[in-house]
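> The structure under discussion is supplied below as structure tokens; questions concerning it will follow.
The values are calculated or read from the model by the stated rules, or taken from the named source; none is laboratory data. Note that the structure is predicted; figures quoted are calculated from it, not measured. With ideal geometry, Cβ positions are generated from the backbone for all residues, glycine too; neighbour counts draw on all protein chains shown.
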There are 2 protein chains.
Amino acid sequence: MSAYDDAGDAGQRRSPAEETRTLVSSQTVGHLATVGDAGDPWCSLVAYGAMEDGNPVLLVSTLALDGSNLQRDQRASIAIHDPLAPGDPLDRPRITLAGGAVQPEGERAEAALDAYVAAVPGAGLYAGWDEFALWVLEVEHVHCVGGFYRVDTISPDEYHAAEPDPTAPVAAKVADLLNKSYSEGLLAIARELGGARGAVSAFCTGIDRYGIDLSCTGAGQSAPARVLFDDPLADAADVRPVTVELAQRARAMGA
Amino acid sequence: MSAYDDAGDAGQRRSPAEETRTLVSSQTVGHLATVGDAGDPWCSLVAYGAMEDGNPVLLVSTLALDGSNLQRDQRASIAIHDPLAPGDPLDRPRITLAGGAVQPEGERAEAALDAYVAAVPGAGLYAGWDEFALWVLEVEHVHCVGGFYRVDTISPDEYHAAEPDPTAPVAAKVADLLNKSYSEGLLAIARELGGARGAVSAFCTGIDRYGIDLSCTGAGQSAPARVLFDDPLADAADVRPVTVELAQRARAMGA
């Protein structure tokens, strides 16, 4: 398929640590494992926020089993996935973060509470109650399951240093918009910047802070193309203008 | 509101044990807490099926962390909720089942595998692989959170003896259908059988094996009504004919 010689899966992508931080930032509900009073494992649904370094923040009642477990034994792990992701749940990316929970103090407590309240609507209701304790899970182990039989372990340092992709909250929506109302622009990007010279149509399959993924069709076949942005995007609000600018540049090249 | 003197929240409903069994039967994905090699709690996403007595069946790889944890320490708990239920996740019904996992043998192993495969599409792919171990979690403790600060504990005997509501898989769909295309029948049920004589419209808010819940409106106000079926339904296929028969009887009474 010579029309696609230069196309394909090239260019920088999110690292496993960035994928993990992006997943953690995109969710606010996970499941917590704590140690019961007989050393038995206890699983409970929790809401969480994430600190700047990716450590999860919990606010749990000391009257609840998980909350009283943490008072006694601070070891914990939290499992997070996107329950709305399509496809078989067992073939879906999911992670477990394990470590020790600490009760933050001073400025760190304020930052932790801010992170929790930002993530959990309605937390204001019980955030001030005496029996609710604020915990930060200091992540010491990161276990990533990419899908069926695909497991990565990321070092805690990599996890803490990585950034969540700031474009994730809007990426799917912008991709949808581009596909619905900007197909000529996408085709120009595919042809002029994605190396898919023979393409007759292009469909946006994903956007991240580093670039845009396209599925290009021509001569009855389709192939992927990836086009990088000039600089990684720092803000969700940049996705639309940068993509439109990319399309304009491509159309000028093809004119 | 004299028109509704006889209406309201009367009649048999699912017990907490039945609600719990119904939730367990309606889901196939939960989160498992197991004990790590240092006694640390490990949380992981798992698929499960349910035995006739409600004990969850797992099929996990001994190469995975949760699977190797179970080989060493059979204590486990599984947390289950409906991630697609509307509203705040923290105000949503959820349960934790805790106990000891055992590897079933003989006929029990066959029944367990059948239950797992029935619940988990694609399990046929790895069900026969050597490194996958079949476990039945023998439930010894049932912890139900009905919502924010609403906790029930059900005895294991109650849990095992209760039945999942067989109408649950179709109830929402039938209610939707009745509301869309059978409003006269619902109004007749509300007026003639639900005690809401002054109602001018009725909306089905829920169906279970014991009866139908309606929200009845008249004179600018609304009130709930509940109408029981003659006998608890034993099969999902009975919901539509029994509801239609109820409406026909009500319309004959009002004619």
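> Condition first: loosely packed, with under 14 Cβ neighbours inside 10 Å and more than 24 Å from A:ARG209 (Cα to Cα). Now tell me which residues in segment A:131-147 satisfy that.
A:GLU131
> Report the residue count in segment B:202-255 for those that are farther than 12 Å from B:ALA171 by Cβ and among the charged types (D, E, K, R).
7
> Does A:ALA85 count as assigned by TED's automatic domain parsing to the domain that holds A:GLU138, surrounded by fewer than 17 Cβ atoms within 10 Å (Cβ to Cβ), at pLDDT below 90 and under 30 Å from A:ALA225 (Cα atoms)?
It is true that A:ALA85 is assigned by TED's automatic domain parsing to the domain that holds A:GLU138, surrounded by fewer than 17 Cβ atoms within 10 Å (Cβ to Cβ), at pLDDT below 90 and under 30 Å from A:ALA225 (Cα atoms).
> Sticking with this one: Hey, among B:ASP208, B:ASP130, B:ASP165, which residue is out of contact with any Asp or Glu (no Cβ under 6 Å at 6 or more places or on another chain) and among the charged types (D, E, K, R)?
Criteria check complete, one pass: B:ASP130.
> May I ask you to verify whether A:THR96 is within 24 Å of B:ILE95 (Cα to Cα), in contact with a strand residue (DSSP E or B) (Cβ under 9 Å, 6 or more places away or on another chain), more than 10 Å from chain B (Cβ to nearest Cβ) and hydroxyl-bearing (Ser, Thr, Tyr)?
Judged against the criteria, A:THR96 is not a match.
> Then there's this: Is one or more of the residues making up segment B:57-73 within 26 Å of A:TYR126 (Cβ to Cβ), surrounded by 22 or more Cβ atoms within 10 Å (Cβ to Cβ) and out of contact with any Gly (no Cβ under 6 Å at 6 or more places or on another chain)?
No, the conditions are met nowhere in segment B:57-73.
> Does B:ARG209 qualify as being among the basic types (Lys, Arg), over 17 Å from B:GLN12 (Cβ atoms) and crowded, with 19+ Cβ neighbours inside 10 Å?
No: the conditions fail for B:ARG209.
> Whether any residue in segment B:201-212 is modelled with pLDDT of 95 or more and basic (Lys, Arg) is what I want to check.
yes
Here is a yes/no grid of residues against (1) buried (at least 22 other Cβ atoms within 10 Å of the Cβ); (2) within 14 Å of another protein chain (Cβ to nearest Cβ); (3) in contact with a helix residue (DSSP H, G or I) (Cβ under 9 Å, 6 or more places away or on another chain):
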residue: A:SER155; (1), (2), (3): no, no, yes
residue: A:ALA161; (1), (2), (3): no, no, yes
residue: A:VAL170; (1), (2), (3): no, no, yes
residue: A:GLY195; (1), (2), (3): no, no, yes
residue: A:SER201; (1), (2), (3): no, no, yes
residue: A:LEU214; (1), (2), (3): yes, no, yes
residue: A:ALA237; (1), (2), (3): no, no, yes
residue: A:GLU245; (1), (2), (3): no, no, no
residue: A:GLN248; (1), (2), (3): no, no, yes
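> Among the residues of segment A:187-209, is any among the acidic types (Asp, Glu), over 17 Å from the mean Cα position of the chain (by Cα) and part of a helix (DSSP H, G or I)?
yes
> Here is a check on your reading of the model: is B:ALA123 over 23 Å from B:PRO86 (Cβ atoms), at pLDDT below 95 and not aromatic (Phe, Trp, Tyr)?
For B:ALA123, the condition - over 23 Å from B:PRO86 (Cβ atoms), at pLDDT below 95 and not aromatic (Phe, Trp, Tyr) - is met.
> Only strands (runs of 3 or more DSSP E) wholly contained in segment A:26-86 count here; list those with 3 or more residues that are more than 9 Å from every other protein chain (Cβ to nearest Cβ) and in contact (Cβ under 8 Å) with a residue 60 or more places away in the chain.
Result: A:56-61.
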